[in-house]
């Protein structure tokens with residue numbers, strides 16, 4: 001058998017016209033921590049190419065490990081094959097440079113929470129938006145993974161403000177295929193429509209929520225958590241039993257305390273303080289139980305201790 | 001008449017350009033990894049030279065554009081201009097109850113195919129993408145849709161219904177549709193031609209063993225039962241699909257392993273079958289190698305695979321009240337003499353008598369593998385769905401011209 005002839009394909013096109021790119025064939029993620037890598041993984045699994053940015057090569061390597069761990073978990077649960085994992089990983093690229101986002105039609109900022117303070121600095125995120133505007137085309141969407149009032153502020157210094165939008169993935173709840181889409185004051189209808197299309201592309205349901213502290217998901221969750229902590233203090237029930245009522249009784253996936261441990265207690269305290277500040281209502285004030293855990297640095301799964309105790313792979317120790 | 005046959009999958013487009021009157025393949029090949037990194041077009045010229053064209057192919061429309069570009073190129077092509085293409089035949093996976101034969105594609109037909117998306121969410125959309133690409137690129141060329149399910153539309157109601165609440169049939173169209181119809185139709189026809197039997201007066205069991213596997217009972221030219229059902233998961237054990245299992249396993253696992261519907265579907269479709277049991281591979285050649293090396297799980301996988309085929313043949317002999325002809329096809333059916341032999345050894349009660357030599361030497365070519373004295377004829381017929389699609393297309397175009 002003779003050797004195959006190998007040539008580039010381009011000259012065999014029928015017309016010279018530039019090829020139509022499918023929208024969202026390549027997206028970017030800034031910050032590939034827990035939430036960033038969850039978003040990247042979802043996109044990869046739906047056939048989208050992903051470029052993610054981290055400040056150092058070491059952090060890039062860590063992000064790859066996180067993505068791979070997420071994929072492995074899917075294989076363990078029968079939801080993915082080795083081969084599909086390989087294909088997914090072939091679609092992802094890590095970088096330290098913004099210019100590698102060139103050609104993306106959508107980039108989402110998911111800068112992680114500060115390890116010490118549990119905050120995401122607005123100034124840092126503004127800088128991300130400005131950097132993104134330099135390398136992206138004016139039509140490209142710039143999004144932020146948000147649960148607080150911030151998208152309008154992040155957009156305010158950009159030249160093309162109408163392309164900014166907030167998204168909230170419930171990445172701490174496994175299998176929760178829903179996105180809260182947050183329109184800022186500047187967000188155009190076109191941007192919103194495109195994001196709805198993106199959500200469908202990654203097989204997620206979506207709801208539109210007005211820019212507000214905590215949106216629907218976080219606001220409801222925090223109130224529930226605060227009330228559950230109240231019950232602990234009153235001695236009405238214990239951690240396991242309260243989660244049992246929620247999981248068995250109401251069909252919640254994890255229960256309120258386990259979800260809190262997944263999210264990180266320090267983040268939760270910050271979010272509550274933010275809501276308390278925004279709404280001024282006592283009910284958002286973090287419960288002393290949460291403050292106590294936070295001060296002890298019992299942040300949850302990642303510290304091996306929160307409401308529950310965990311082993312290294314995040315399983316509850318009995 | 002030159003006919004282009006297209007088979008659009010979720011990330012691939014396979015094609016073949018045939019000159020039917022002169023019975024020649026002018027060019028064939030496929031585009032793989034559409035929308036992914038490393039996409040390429042592999043073209044096989046008439047002189048059998050392989051040409052690989054590498055580059056970005058983001059969607060089906062672009063893939064088809066490149067296919068047409070290669071076919072008309074001076075360097076590797078086989079036609080001078082696109083006008084030489086008289087018609088395009090498309091493989092369409094699911095025609096539900098709306099189509100019982102191949103049809104000329106019209107706006108109304110497209111609408112009906114779209115309506116089938118609900119029950120074939122993975123397959124029909126790329127088929128439709130291929131149709132719309134051709135409508136745009138070759139607007140005057142007639143197109144024909146050939147359905148995987150159409151041949152089985154002759155199944156009687158008692159064979160296609162599931163014993164579950166009838167309302168689910170009326171509400172969602174849950175019933176057995178069967179797949180691989182084009183292949184079963186082609187090989188059964190071809191076997192009768194090859195053996196000089198009357199297609200319309202013969203009881204045939206066709207055994208299609210490829211990546212997917214299905215088996216069909218054909219009486220007097222009509223499919224009366226087939227092993228695949230509402231989805232291609234039912235029936236025989238396959239490379240990575242389980243085939244028939246107790247549904248109780250699904251509900252049991254959902255609870256035990258805390259998994260949802262999509263993981264469950266991956267488990268039965270991709271982690272099961274020969275791969276799942278052997279833990280080695282879904283490819284029968286790898287399994288045979290492993291067995292030769294003494295691997296017991298590989299042996300078990302093969303035993304199960306063959307046993308389940310034999311069991312289905314037995315069931316269909318009963319459905320047909322006898323059988324005159326058994327036909328093997330598909331990658332495994334055409335090439336694995338050992339598997340064919342093991343299956344036939346268990347059918348001696350029917351009067352099947354194997355010609356061991358003929359069986360051993362039949363690899364990927366048409367052959368009679370039963371002995372002269374065998375009460376039931378057994379044949380190997382390599383499947384050729386593209387030819388069937390092209391020939392249906394020609395028939396419909398000729399019909400159209402007459403009117």
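Scan the stretch A:47-90 for residues that are over 14 Å from residue A:37 (Cβ atoms) and assigned to a loop (DSSP other than H, G, I, E, B) and report the count. Adding up the residues that qualify gives 10. Among the residues of the stretch B:43-65, those identified as facing chain A (nearest Cβ under 8 Å) and either part of a strand (DSSP E or B) or modelled with pLDDT of 95 or more (or both) are B:50, B:51, B:52, B:53, B:54.
Of the residues A:29, A:92, the single one that is in contact with a strand residue (DSSP E or B) (Cβ under 7 Å, 6 or more places away or on another chain) and in contact (Cβ under 8 Å) with a residue 60 or more places away in the chain is A:29. Within the stretch B:191-229, the residues that satisfy the criterion of being assigned to a loop (DSSP other than H, G, I, E, B) and at pLDDT 95 or above are B:196, B:197, B:198, B:202, B:220, B:221, B:227, B:228, B:229. No other residue among B:29, B:35, B:69 is modelled with pLDDT under 90, buried (at least 19 other Cβ atoms within 10 Å of the Cβ) and under 30 Å from residue A:91 (Cβ atoms) apart from B:35.
I'm checking my understanding of the structure. Among residues of the stretch B:262-283 that are within 18 Å of residue B:230 (Cβ to Cβ) and without any contact (Cβ under 8 Å) to a residue 12 or more places away in the chain, which one is farthest from the other protein chains (Cβ to nearest Cβ)? The selected residue is B:265. Kindly check whether there is at least one residue in the stretch A:123-139 that is touching a strand residue (DSSP E or B) at 6+ places or on another chain (Cβ under 8 Å), at pLDDT 90 or above, in the same structural domain as residue A:38 (by TED's automatic domain parsing) and under 18 Å from residue A:193 (Cα atoms). Scanning the stretch A:123-139 turns up no residue that is touching a strand residue (DSSP E or B) at 6+ places or on another chain (Cβ under 8 Å), at pLDDT 90 or above, in the same structural domain as residue A:38 (by TED's automatic domain parsing) and under 18 Å from residue A:193 (Cα atoms).
When residues in the stretch B:354-403 are screened for being farther than 21 Å from residue B:25 by Cα and not assigned by TED's automatic domain parsing to the domain that holds residue B:329, 5 of them pass. The residues in the stretch A:32-45 that are touching a strand residue (DSSP E or B) at 6+ places or on another chain (Cβ under 9 Å) and within 14 Å of chain B (Cβ to nearest Cβ) can be counted, and the count is 3. If you go through the stretch A:270-310 and keep only what is more than 24 Å from the chain's Cα centre (by Cα) and not assigned by TED's automatic domain parsing to the domain that holds residue A:233, you end up with just A:309. Among the numbered conditions (1) over 18 Å from the mean Cα position of the chain (by Cα); (2) within 14 Å of chain B (Cβ to nearest Cβ); (3) at pLDDT 95 or above, the only one that residue A:101 does not meet is (2).
Per-residue answers, yes or no, for (1) touching a helix residue (DSSP H, G or I) at 6+ places or on another chain (Cβ under 9 Å); (2) at pLDDT 95 or above; (3) closer than 15 Å to residue B:206 by Cα:
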residue	(1), (2), (3)
B:281	yes, no, no
B:290	yes, yes, no
B:295	yes, yes, no
B:299	yes, yes, no
B:311	no, yes, yes
B:331	yes, no, yes
B:337	yes, yes, no
B:346	yes, no, no
B:358	no, yes, no
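Only residues that are closer than 15 Å to residue A:173 by Cα and touching a helix residue (DSSP H, G or I) at 6+ places or on another chain (Cβ under 9 Å) were counted across the stretch A:203-218, and they come to 3. Within the stretch B:66-79, being under 21 Å from residue B:38 (Cβ atoms) and assigned to a helix (DSSP H, G or I) holds for B:66, B:67, B:69, B:70. Of all residues in the stretch B:124-149, those being part of a loop (DSSP other than H, G, I, E, B) and within 8 Å of residue B:92 (Cβ to Cβ) number 1. Looking at the stretch A:103-117 only, could you name the residues that are over 18 Å from residue A:171 (Cβ atoms) and surrounded by 15 or more Cβ atoms within 10 Å (Cβ to Cβ)? A:103, A:104, A:105 - these are the residues of the stretch A:103-117 that are over 18 Å from residue A:171 (Cβ atoms) and surrounded by 15 or more Cβ atoms within 10 Å (Cβ to Cβ).
Look through A:273, A:266 and report the one residue that is surrounded by fewer than 17 Cβ atoms within 10 Å (Cβ to Cβ), at negative phi and assigned to a helix (DSSP H, G or I). Every option except A:273 fails the conditions. Taking the conditions (1) in contact (Cβ under 8 Å) with a residue 60 or more places away in the chain; (2) under 21 Å from residue A:97 (Cα atoms) in turn, residue A:53 satisfies each one other than (1). A single entry from B:239, B:243 fulfils the requirement of being away from chain A (no Cβ under 13 Å) and either assigned to a helix (DSSP H, G or I) or under 25 Å from residue B:303 (Cα atoms) (or both): B:243.
Inside the stretch B:221-239, residues that are farther than 20 Å from residue B:319 by Cβ and surrounded by fewer than 20 Cβ atoms within 10 Å (Cβ to Cβ) make up a count of 2. When restricted to residues that are touching a strand residue (DSSP E or B) at 6+ places or on another chain (Cβ under 9 Å) and exposed (fewer than 12 other Cβ atoms within 10 Å of the Cβ), the stretch B:151-177 contains 1. Looking for something within 9 Å of chain A (Cβ to nearest Cβ), surrounded by 15 or more Cβ atoms within 10 Å (Cβ to Cβ) and touching a strand residue (DSSP E or B) at 6+ places or on another chain (Cβ under 9 Å) - is there at least one such residue anywhere in the stretch B:80-92? No.
Taken together, A:49, A:54, A:82 contain a single residue that is buried (at least 18 other Cβ atoms within 10 Å of the Cβ), touching a helix residue (DSSP H, G or I) at 6+ places or on another chain (Cβ under 9 Å) and within 14 Å of chain B (Cβ to nearest Cβ), which is A:49. Considering (1) crowded, with 17+ Cβ neighbours inside 10 Å; (2) at pLDDT below 95; (3) outside any helix (DSSP H, G or I), the lone condition that residue A:181 does not fulfil carries the number (2). The condition of being modelled with pLDDT of 95 or more and out of contact with any strand residue (DSSP E or B) (no Cβ under 6 Å at 6 or more places or on another chain) does not hold for residue A:267. On the given criteria, is residue A:172 under 17 Å from the mean Cα position of the chain (by Cα), surrounded by fewer than 13 Cβ atoms within 10 Å (Cβ to Cβ) and not assigned by TED's automatic domain parsing to the domain that holds residue A:282? So residue A:172 fails the test.
The values are calculated or read from the model by the stated rules, or taken from the named source; none is laboratory data. Only a predicted model underlies this, so the values are computations on that prediction, with no experimental measurement involved. Counting neighbours? That spans all protein chains shown, and the Cβs are built from the backbone with ideal geometry, glycine included.
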